[in-house]
C-alpha cells in the first residue's frame, strides 16, 4: 500500500473532524424538529401512552429486581465495615445516600440504555431499512412527529420515574437485610437516614441527574436508529453504538453533575 | 381490550413513580409538610464549635427538640454564633439554660445539648443563650493532661 503523504493525512484528519461536527449538528436539528417542530399529529397522546408502555412499564421488572439486590448488597457490605467502628446504625444513612445520589440515577440509566435504548434503536433502524419511514413521508405524515417524538417523550418521562422506583426498592431491600437479618435496631436505622438525607439536596439532585440522563440516553438511542445505515449490519452497529455511547455519556456526565452538585466550590 | 391493558399498565407505572417520590420525601428524607412554621429561633455563642455542622440535632434530656440551621463567626467577639430552630411546643425554656456541644458516642456526630436553668424568665424567638460550653477538642485535652504531669514531676 502506498505511503500516505503528509497532506493526505491532514486532509483525513480534517474530514473526520467535519464528520464529527456534522453528526452533532444533524442530531441537534433532529432533536429540535422532533420536539418543537410544527404540525402536531392527531392522537399523539395515544402514541405516547403506547411508547410509555413499551419503554417504561416493560423496564419495570429489571429495575425492581436489580434495585432490590443492589440495596441488599449495599446493606451487607456497609454493615460489615461499619460494625468495625461500632456504628452499624449508620448503615441506613449509607444505603439511602448512595442510592439517592449515585446508584439510583446511574444504574437505572445504564440498565435503561441496555434494555430500552437498544430496542428503540433497533426498532427505528428496522423501520428505516424496510423504508417504512419514507413511506410515511410519502403519504404526508412527518415521521419525526409520528415515530420519533412519542419515543423521545416516553424516554424523558419514564427514566426519572424508574430511577425513583429503583431507589425506593433499593432502600426497602437494604432495610430488610439490615433490620430483619443483621439485627440493626429499626428506630435508629430510619432516624439516622432521615437525619442525614435532605429532600432538597439529595432527593431533588438525584431526580435532576436522572432527568439529564433520560435526555441523553433517549436522544442517543433514537438518533442512532434514525441515522443508521439501512442494512442489517448497519442496524447492529447502531445498536452497539447506542449502548456504548449512552453508557459513556451517562458515566461522564455523572462525574460532572456530582462535581457541580456535591463538590465544595 | 389490548389498548385498555396498555393504558392501565401506564397508569399504574405513573402512580408507582409518584408514590416513589412521596416515599422518598416523607419516609427517607423525613420531610414534614409544616416544618417551617412550628419552630422558633435561638442563638448561642460558643468559644469553639469545632466539629458541629449545620443540621445537627438540638436535644434536651436526650430528646431531639430542634436543629442547627446556621453557623457563622461573630466578628466582634470572635466566637462561633450558632443559630438553632427549636420546636414551638418546647416554649418554656428558662432564660438561664445552658447550651453545650456534645458528642454522640465515641466517634459519633456532634450535637447541641440544652440543660435547663432555674430562672422564671423564658427564652423567646430570637433570644441568645449566654451560658455555653464549647466543643471538646482532643488536642487541648491532651495538652492539659501533659502540662499536668509535667508540673507534677517538677514538684
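Quick note: the coordinates plus some simple rules give every number you see, no bench work behind them. Just so it is clear, the model here is predicted, and its values are computed rather than measured. A quick note on method: Cβ atoms are made from the backbone with ideal geometry, for glycine too, and the neighbour counts reach across all protein chains shown.
Here are a few things to note about the model shown:
- Shape annotation for segment A:184-257: C-alpha extents along the principal axes are 59, 25, 16 Å, from largest to smallest.
- Taking Cα atoms only, the orientation of helix A:6-36 departs from the longest principal axis of chain A by about 70 degrees.
- Label reach from residue B:70 (point 7 Å along Cα→C-beta): in segment B:127-150, amide nitrogens under 14 Å belong to B:127.
- Relative contact order, whole percent, for segment A:91-209 stands at 57, derived from Cα pairs under 8 Å and 6 or more residues apart.
- Calculated FRET efficiency, residue A:32 to residue B:53, Cβ-Cβ distance, R0 = 41 Å: about 0.35 to the nearest 0.05.
- With viscosity 1.567 mPa s and temperature 4 °C, the Kirkwood radius over alpha carbon pairs of the protein assembly as shown converts through Stokes-Einstein to a diffusion coefficient of 50 µm²/s.
- Here, segment A:55-259 is characterised by an Rg to Rh ratio of 1.11, where Rg is the alpha-carbon radius of gyration and Rh the Kirkwood radius.
- Using a Gaussian network model of chain B in which every pair of alpha carbons under 10 angstrom is joined by a spring, one finds that among B:76, B:47, B:91 the greatest mean-square fluctuation is at B:76.
- Other protein chain C-beta atoms within 10 Å of residue C-beta, averaged over A:77-89: 1.
- Using the alpha-carbon positions of segment A:4-148, Rg (one decimal) and Dmax (whole number) come out as 23.4, 71 Å.
- Peptide A:154-166 shows a mean partner chain C-beta count of 3 within 10 Å per residue C-beta.
- Gaussian network model of chain B, Cα within-10 Å springs - most flexible of B:73, B:21, B:93: B:21
- Rounded tilt (10° steps) of A:44-55 against the dominant C-alpha axis of chain A: 60
- Distance between modelled label sites at residue A:58 and residue A:180, nm, 7 Å Cα→Cβ extension: 3.2
- Spin-label pair residue A:23-residue B:144: with each label point 7 Å from Cα along the Cα-Cβ axis, the two points sit 6.7 nm from one another.
- For chain A, modelled as a GNM whose springs connect Cα atoms under 10 angstrom apart, the maximal fluctuation among A:225, A:44, A:125 occurs at A:44.
- Here the label points at residue A:5 and residue A:236, each 7 Å from Cα along the C-beta direction, are separated by 3.9 nm in the simple model.
- A Förster distance of 35 Å, applied to the separation of the beta-carbon atoms of residue A:65 and residue A:85, puts the FRET efficiency at 0.65.
- Helix A:118-129 axis, angle to chain A major axis (alpha carbon atoms, nearest 10°): 10
- Debye equation applied to the C-alpha atoms of segment B:39-142, log10 I(q)/I(0) at 0.20 Å⁻¹: -1.01
- Anisotropy class assigned to segment B:65-107 is oblate, per the alpha carbon gyration tensor with a/c at or over the 1.5 cut-off and a/b no larger than b/c.
- Peptide A:198-208 is shielded by partner chain Cβ atoms: per residue, an average of 3 of them sit within 10 Å of its Cβ.
- Residue-averaged 222 nm ellipticity for the protein assembly as shown, from DSSP H runs of 4+ at -39500 (n - 2.57), nearest 500: -19000 deg cm²/dmol
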